[in-house]
Amino acid sequence: MTAFLHYLTLLAPMFALAGLGFGLGRLPFWRQSWTRAVTRLVFAVPLPALLIQLMSGVSQLPPLDMRLLIAFFGSCFLVFGIGRVIGALAFRLDGVGQSVFALGGVFSNNVLLGVPLARLALGPAAMPSVSLVLVFNALTLWTLAAVSVEWARHGALSFTGLRQTLRSVLTNPIILAILAGTAISLSGLSLPAPVDRVLGALARVAGPLALVVVGLGLSRHGVRQGLAQGLTITSLKLLVQPAVVWLLALALGLPPIERQAVVLLGSLSVGVNVYLVATQFETLQGAVASSLVLSTALAALTTPLILALQSAWG
């Protein structure tokens, strides 16, 4: 209980910032174009600055255990399969609907929530592990969704779809920032002092701004449409995936910091990218929107609880 209260107290202000963004987005005068502009700004400037600064010093840290990728993405593949089965049996969804439903159970809000929460709860030592997952996360899970949907539609893969997925990932400013910071670190160079100070100033506002953006995005969605499906997606995301990634991390013998990082990422709420996929394939938009709101609100309790259970286990 003490550990749970510790993490709850630590993370509650961060989720409160998301609540602030939600309330702001609900104000009558607030325009959705402002939300889009703020979101683009956060993704283009402060979050990349934070990741460049963090990754530029990664060579000074102990080497990463690459098994963390097996633990995290192994859980994604397993829970995706479970989600497809539930979508088929419980909700009679077709192959495309099953794919979107299952993706909601594994695609975390790793950038906007994961980066600031991991930095606060686990400290800078966890950030290389988080960044390594981020590098592969979008490519792996977008590809998984594309393959699943294409197979459901045509029984074959589309090279064009996979190429577009790869291009969108490699032009993502978050991925470019991680790669740039890693390149600086591996080169043995250090950031010039003025540049480091500017990046540090931007990095300090990255987390709070990212969380406000989460709330602004959620303010567009309700929870009533597709509620049963949304609750099921939320349960897969907040309960099943963190349990599976935790078991895999233990089975693989991951060191504590890597294990805590991947379990934290697995415990986060549904990522907004799932809604983009649902919109692209014109299925389950209401259920996914419902899961976005529900999972973000409930993660304010479940993520501290999972972190506390890890501490007790350790």
- Got a sec? Which helices (runs of 4 or more DSSP H) wholly within segment 115-214 have at least 2 residues that are more than 13 Å from Gln53 (Cα to Cα), modelled with pLDDT of 75 or more and of a type outside the set (Asp, Glu)? 115-122, 127-154, 173-187
- Return yes when Leu248 is at pLDDT 85 or above, farther than 20 Å from Gly19 by Cα and either surrounded by 24 or more Cβ atoms within 10 Å (Cβ to Cβ) or touching a helix residue (DSSP H, G or I) at 6+ places or on another chain (Cβ under 6 Å) (or both) and no when it is not. yes
- Task: Would you confirm whether any residue within segment 17-38 is in contact (Cβ under 8 Å) with a residue 24 or more places away in the chain, within 16 Å of the chain's Cα centre (by Cα) and buried (at least 23 other Cβ atoms within 10 Å of the Cβ)?
- Result: yes
- Index of the failed condition, Leu216 passing every other in (1) more than 30 Å from Gly81 (Cα to Cα); (2) of a type in the set (A, V, I, L, M, F, W, C); (3) out of contact with any Leu (no Cβ under 8 Å at 6 or more places or on another chain): (3)
- Does segment 286-293 include one or more residues that are in contact (Cβ under 8 Å) with a residue 40 or more places away in the chain and not in a helix (DSSP H, G or I)? no
- Task: Within segment 294-314, track down each residue that is farther than 13 Å from His221 by Cβ, of a type in the set (Gly, Ala, Ser) and part of a helix (DSSP H, G or I).
- Result: Ala299, Ala300, Ala308, Ser311, Ala312
- Matching entry among Leu252, Leu247, Leu209 (being farther than 20 Å from Ser129 by Cα and among the hydrophobic types (A, V, I, L, M, F, W, C)): Leu209
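The values are calculated or read from the model by the stated rules, or taken from the named source; none is laboratory data. Just so you know, these numbers come straight off a predicted model, no measurement behind them. Neighbour counts are summed over all protein chains in view; Cβ atoms, including those assigned to glycine, are modelled from backbone coordinates with ideal geometry.
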